[in-house]
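A.B. asks: Next up is a structure, given as structure tokens.
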């Protein structure tokens, strides 16, 4: 149960800080400050949570990461389900708190949907958005699997590497899809936006669930091959 609570807290914090920053400063690539601040907010939250709850749950705080770990043999199916449920609940709670703060304070939401993801950057093209999410999640999860491998020798710097890799994929992805690479992070804001009467985010939500899961699965298969003894000999 402690692992699930840790995943709830981690995902709650990721959405609160990451999506909250996006709501506050905006993510328009024309205005680089908000763009970079949002990327840093997500990445630095991962760094903080990695050293906060990483020793308890591994700090997945992302169903796609949990899928990659599951396929790599790093967790059981029952734990995977528990992690995903906890992550989705954490994301929903984080989005709900943001909605409460913004509504009580009368603050303008610069994203128009509580930091939810969308396809505006790819002109509404779901195929393009899906490809972006698959590729970015592949890079992110592949990095995580490498950094957390038993063969890795990164000492205590693993959380920093993972966090800044998330910054990296956000720098490209924000202007295209808002960068999900995390189904829970997309689920929470889209659901809260739906409750507020904004149906746009929920209509494209499937892209930000399917894309990250496919990218994570590909990363797990790829890393398992690369790490295998036969691959090393080649």
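The values are calculated or read from the model by the stated rules, or taken from the named source; none is laboratory data. Here the structure is a predicted model, which means the values were calculated and not measured. In this analysis, Cβ positions are derived from the backbone assuming ideal geometry, glycine residues included, and neighbour counts consider all displayed protein chains.
A.B. asks: Can you say whether residue 25 is more than 29 Å from residue 85 (Cβ to Cβ) and touching a residue at least 24 places away in the same chain (Cβ under 8 Å), as far as the supplied structure shows?
C.D. replies: The answer is yes for residue 25.
A.B. asks: Right, next: Which one of 218, 166 is surrounded by fewer than 21 Cβ atoms within 10 Å (Cβ to Cβ) and either in contact (Cβ under 8 Å) with a residue 12 or more places away in the chain or assigned to a helix (DSSP H, G or I) (or both)?
C.D. replies: One residue alone meets the criteria, 218.
A.B. asks: To continue, here is another question. When you go through 55, 103 one by one, which is the residue that is over 14 Å from the mean Cα position of the chain (by Cα), part of a helix (DSSP H, G or I) and more than 27 Å from residue 195 (Cβ to Cβ)?
C.D. replies: Only one candidate qualifies: 55.
A.B. asks: Shifting gears a bit: Have a look at 82, 94 and point out the one that is part of a helix (DSSP H, G or I), closer than 22 Å to residue 47 by Cα and within 19 Å of the chain's Cα centre (by Cα).
C.D. replies: Just one listed residue meets the conditions, 94.
A.B. asks: Can you work out which of the residues in the stretch 116-137 that are free of Cβ contacts under 8 Å to residues at least 12 places away in the same chain and assigned to a loop (DSSP other than H, G, I, E, B) is farthest from residue 203 (Cα to Cα)?
C.D. replies: Applying the filter and picking the extreme gives 123.
A.B. asks: So residue 67 fits all but one of (1) over 24 Å from residue 194 (Cβ atoms); (2) modelled with pLDDT under 95; what number is the exception?
C.D. replies: Among (1) over 24 Å from residue 194 (Cβ atoms); (2) modelled with pLDDT under 95, residue 67 violates only (2).
A.B. asks: May I ask you to list pairs of residues, at least six apart or on different chains, whose Cβ atoms are under 6 Å apart, with the first in the stretch 44-68 being without any contact (Cβ under 8 Å) to a residue 24 or more places away in the chain and the second being in a loop (DSSP other than H, G, I, E, B)?
C.D. replies: Partner pairs satisfying both residue conditions: 66/60.
A.B. asks: Further question: State all residues of the stretch 83-111 that are surrounded by fewer than 18 Cβ atoms within 10 Å (Cβ to Cβ), modelled with pLDDT of 95 or more and either over 20 Å from residue 17 (Cβ atoms) or in contact with a strand residue (DSSP E or B) (Cβ under 7 Å, 6 or more places away or on another chain) (or both); if no residue qualifies, say none.
C.D. replies: Within the stretch 83-111, just 85 meets the criteria.
A.B. asks: Another one. Evaluate the following for residue 149: is it part of a loop (DSSP other than H, G, I, E, B), out of contact with any strand residue (DSSP E or B) (no Cβ under 9 Å at 6 or more places or on another chain) and modelled with pLDDT of 95 or more?
C.D. replies: Against the criterion (part of a loop (DSSP other than H, G, I, E, B), out of contact with any strand residue (DSSP E or B) (no Cβ under 9 Å at 6 or more places or on another chain) and modelled with pLDDT of 95 or more), residue 149 does not qualify.
A.B. asks: So, one more: Name the pairs: first residue in the stretch 88-115 and closer than 12 Å to residue 186 by Cα, second residue at pLDDT 95 or above and part of a loop (DSSP other than H, G, I, E, B), Cβ to Cβ under 7 Å, at least 6 apart or on different chains?
C.D. replies: Correct list of pairs: 95/114.
A.B. asks: Now for a different question. Surrounded by fewer than 22 Cβ atoms within 10 Å (Cβ to Cβ), at negative phi and out of contact with any strand residue (DSSP E or B) (no Cβ under 9 Å at 6 or more places or on another chain), is that true of residue 46?
C.D. replies: no
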